[in-house]
Each structure stands twice: as structure tokens, then as C-alpha cells.
Amino acid sequence: MRFSPRPDTTSSIVRARAQRGMTLIEVMVAALILLVAMAGIVPFFVTGLSQASTIRMRSIASNLAREKMELIRQLDYREIYTQAMKLSDATLGSRTLETLFGTTETVRGVEFHISYVVNNQGYQTGTLKEVTVNVDWTAPPKVSPASTTTLVHQQFLGPRGSKLDVSTLQDDPLGTPFSLITNTHNTTVKYYVAQADWNLIFYDPTQSNPTTRNAYMRVAFVDQQGQAIPVGPSGNDYKIDTSYLHYTKDSNGLINAVWFQYTFDESVIPDGYWETRAVCYNSYNEPGNTWRLRLRIEKAAPFAPTSFTAVPQADNHTIILNWLSGAERDRSHWVLERRKWNYVTGAWGEWVVVINNLDPNLTTYHDIGNEASGIDPWGNTSTHNYYQYSLFAIDTNVPPNTGAAAQTQTYIPETSTTSTTLSTSTTSSTSTTSTSSTTTTAGLVNINIQNNTTATYTVTLILTGTNTVYTVTCKKSKTTTVQVKTGWYQATATSGSKTVTGSFQAGVTPNPVLSIN
């Protein structure tokens, strides 16, 4: 049997105690180091907390300054002034920035002090003001105030609008994005004033029964050519004044909506596309912003043209038609018809369509025939032909409305006109010699055909009284020059399915221009 040696118990105990002593010393040393470190860090924490509080208070002050500035920007430009400016200018009223927006605000138990500075020196007088709002507070440590500055421009002096309503509107059957007004004879325009500018309508809009200023509104209908038709009391220069002013109040008796309202008979506005424009003016006759509303008016078929005349020319196969258009702005096209007197039956023949898609903006047309071929219209000293013309418009409604026709008549040749048959003639670049042995000089002029579109057009020019025809190709957005004889021309420009017609007289003005738009 073998026995293991007995450990030295005394030595183990000594070693354990020594280790515990070393651990305690290490802990004490670490605690001492931590205390020294904390002694340096704590002031930083205290300072940080103080700075955080200052930043928080400064943020509140900055927000107050911005809020006051937004209120100031909503004022009338002339009403932006301080108590100090009022004391130096007796013409200013009592509505200073201090009285309007106050000089103190309490937030989270802290009282903030607000001051205003307005400077229009060094800027264009009457157009710019530099406005500064300063906000400070009493709290240790002493801090610099929060401040915000802006330039207020004299952009809209009059009351600004927030909404424009026109009654009796309905969806346009044409599928356009514009509303439609039909024949109701009782259309109302409402123009709401932006809340920020109620003070330009009332002296004190916060009162339950405020006193109105001398403000007013104007409304006009403007067509695509910029022609305007005003709406309003004609005896008051079309001013829709505060006698047409309306407002509503909330449950606390305070104003919550302000608008001008005027009812008119829309029959005074011709059919067509219009832009309704409404503007409010302050007591200084200065306008606010212009509110626009596009719409279409459709009440009836187009009017018959007036002053419709037919004048035969000396070439014996051209009749120049002239007329005045109706007041409507929604013509899609003109339709021109012609009929001829039948000597055999002693009655007018059937109507023949001369052109069924005549440009709605034209007020003249050259109806050109051929005497040699007997193509209407024509006539000569041995044969007088009588012609009657009918002209009417078709609008863009769905279904389209056909207007009443205007009629006129004439005959070729006129009895007061001495003419000769132009059956044979020899044409050169310098002269024309006819069978009557009369020689005339036929000058040449340049015609500039200006294509303002993005399509290529083929242009045909027919010289009235001759068989002379010019054909030229006009590229997109280009100007083409053609040398032609002097005289009246009927022009036809074609691009695909689109055809544009017109007429002009070459030689009347130097280098005339024929435009395709």
C-alpha cells in the first residue's frame, strides 16, 4: 500500500490570502482612477445639460420668430411698419406690428420678448422692405436672441383670391377638360378671398360685425385672341363693389369665409371658348392675383354672316365674296354654296357646294371658274350668267349646330363693265398680248411662302383670270420664295388630309408673305 504526500496546508492558506489582498488593492486603485475621471467628466455633463436647455429655448424662440414673420408676410405691403416708424410718420395708422402681433409670448412657462425692425432704406422705395423679427428671453446664462430676416416684395397689393366658382357649369359633351355653360340667363360668379387678405377687405376681420374697406372685384371673359368682355354693373365702370360682398361666420361668431358674388346673363358672352378672369382690388385700386378658369359657352347655332357681297371681276370668271363674321367664337368652318339661273326653266338651279370646309376665320373668298371651258362662274358680252351664293357656319358642338345662311347674288359680266373675250393669248415672262392688240406689261414679284408648321405642304397658286398655275413644295418651318406675275391668286396648301385655303394680291405690297399656320 502506497500513501501520497500530505499537502502543505499552511502554505496554501498564505498564498490565498495574498491573492485576495492583491485583488482588493486593484479594486481600490480602479475606484480611485474612476473617481478622478468622473471629477473631470461631471462638469462636462453639467455644461452639456445647460447647453441643451439653451438650445431648446433658442429653438422655441426661432420658431416664434418664424411664425411672426409668416404673419407679417400676409399683411398688405403698406401696413408693414413698427411703432417707431409710426412715431416718426403721423400718416401711419395704429396697426403697427407690435399691436397686431404682440411683443411677448409665454411658452413652457418662459416669457419670450419679441421686437420688430422694418427697414426700407437702401432699397427701391415702395417695392422692397427688409423685415427682422428678434426674440429673446430672460434665463441664465445670458444668450443672444433668435432672429430671422426677410425681404418683403410689393408683388400683390390687392386681396388675393383662393377660389373662383361659376354656377350652372356642366361637363362638356365634346370631352374637353373645360366646363360648359348653356343658355340659362342666370349665371353666378363667386370669387373667394384668401383668409390671409381679409384685412384688405375689412378694417378688423376678427370682429363679429367688421367694417368693410373700399375694395372691389372685376370679372372679364377673355377669348383666345385676347379680346375681353367685362361682367359687372356697367354704371359703376364694371366694379363689383362691397355691396356684392358676402361672408359667413362660425359657431363663435367669427368670419370663416369671404367672397364677392355677382349674377349676370351669360347671353352677353358669345359662344366659344373663354377664360374667366377675376381680380380683387384694394382701397388703393391696386390688384391682387388673377384667378383664371377656362370654360366653354354654347347657347345656340352660329349667327348668319352679315354684309355678304359678291363682286364679279373684269376677267369674267372670278367673283370675290366678302362678308362679316358673327360674334360667336366656336365656328368649326364655313360652308359656301352656289346656284345658277336656268334660262330654259326660268328658275334657279340646284345648290352646288363650292367648298364645305372653309377656314372659320376667313371673311373673303375668290370663286374662280373658267370662261373657255364654261366652268362656273363665267360670262361674257354675249352670255350673261346669274349666280346666287349661300354662306353659313357650323359650330363645334355635339351634335354640331348649323347656323342660318346669308345669301347674295350677282351676274357676269356686269353691265357697267366693258370686257373682251380672253380666249386666246400668248404669255411671255415680260408681256401678255391678246387678240384685241392691247399690250400690257406683266411684272414679276417674289412671293415668300412661310411654313410655320411642322409638316411639309404642297402649295398651289392659281392666277385669277388665266390658266397659270404655280405648284411648289414648302418644307416644315421653312420659307420658300416663288417668282410670280402680279394679280389676284387663290392659294391652296395641302399636307396629308389637311387643307388650308386663302387668297392674296401679288404686286400690291413689296415682297408679300403667304403664311401657313
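Where a number appears in this text, it was derived from the coordinates with a stated rule and is not lab data. Just so we're clear, the structure is a prediction, and the values are computed from it rather than from any experiment. Don't worry about glycine lacking a Cβ; one is built from the backbone with ideal geometry, like all the others, and counts go over all protein chains shown.
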Share antiparallel - DSSP beta bridges, the stretch 443-516, percent rounded to 5: 90
Over the stretch 71-153, calculate the relative contact order: mean separation of alpha carbon pairs under 8 Å at least 6 apart, over the residue count, as a percent. 22
Under Karplus coefficients 6.51, -1.76 and 1.60, residue-wise ³J(HN,Hα) of the stretch 107-114 in Hz, glycine/proline x: 10, 6, x, 10, 8, 9, 9, 10
Mind checking the dipole of the stretch 161-297: about its Cα centre, +1 per Lys or Arg Cβ, -1 per Asp or Glu Cβ, Debye to the nearest 20? 200
Looking at this model, which pairs from 476/498; 86/163; 68/129; 299/498 are more than 25 angstrom apart at the alpha-carbon? 86/163; 299/498
If R₀ is 41 angstrom, what is the calculated FRET efficiency for the pair residue 234 and residue 83, using the beta carbon separation as r and rounding to 0.05? 0.35
